[in-house]
Amino acid sequence: MTRETDLTERFRKLFVKADILFHIFAVLLLLIACGFMFYYALLNIVHPSRDSIIRLVNDVLLALIILELLWTVIRFLKKQKFLWAPSFPSE
């Protein structure tokens, strides 16, 4: 019975680590997306017109939504205890 429990615990730890890695990858993609949105917002400032101002507001609002998603992922990662180095069971 302990062998099954040990195997189950190993799979659980593996899935938790994979979940954390995917969340970190999502954070990086969100930062890249937010950077592009701010870049396009700056391009709209260079040539001001009524249409570009509407696009500017649209881009900034989308960047804020992305940052809110980023904050949610960061709060999730703060709740999880993880190390970059592999952990070894204490004897």
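The values are calculated or read from the model by the stated rules, or taken from the named source; none is laboratory data. Note that the structure is predicted; figures quoted are calculated from it, not measured. Note that each Cβ is placed from the backbone with ideal geometry, even for glycine, and that neighbours are counted across all protein chains shown.
Just to be sure, is Ile32 β-branched (Val, Ile, Thr), assigned to a helix (DSSP H, G or I), under 19 Å from the mean Cα position of the chain (by Cα) and at pLDDT 85 or above?
Yes.
Tallying residues that are free of Cβ contacts under 8 Å to residues at least 24 places away in the same chain and in contact with a helix residue (DSSP H, G or I) (Cβ under 6 Å, 6 or more places away or on another chain) within the range 1-59 yields 7.
Against the numbered list (1) surrounded by fewer than 11 Cβ atoms within 10 Å (Cβ to Cβ); (2) among the aromatic types (Phe, Trp, Tyr); (3) within 21 Å of Leu69 (Cα to Cα), Phe38 comes up short only at (1). A single member of Phe11, Phe38, Phe22, Phe15 is under 16 Å from the mean Cα position of the chain (by Cα) and either assigned to a helix (DSSP H, G or I) or more than 15 Å from Val73 (Cα to Cα) (or both), and it is Phe22.
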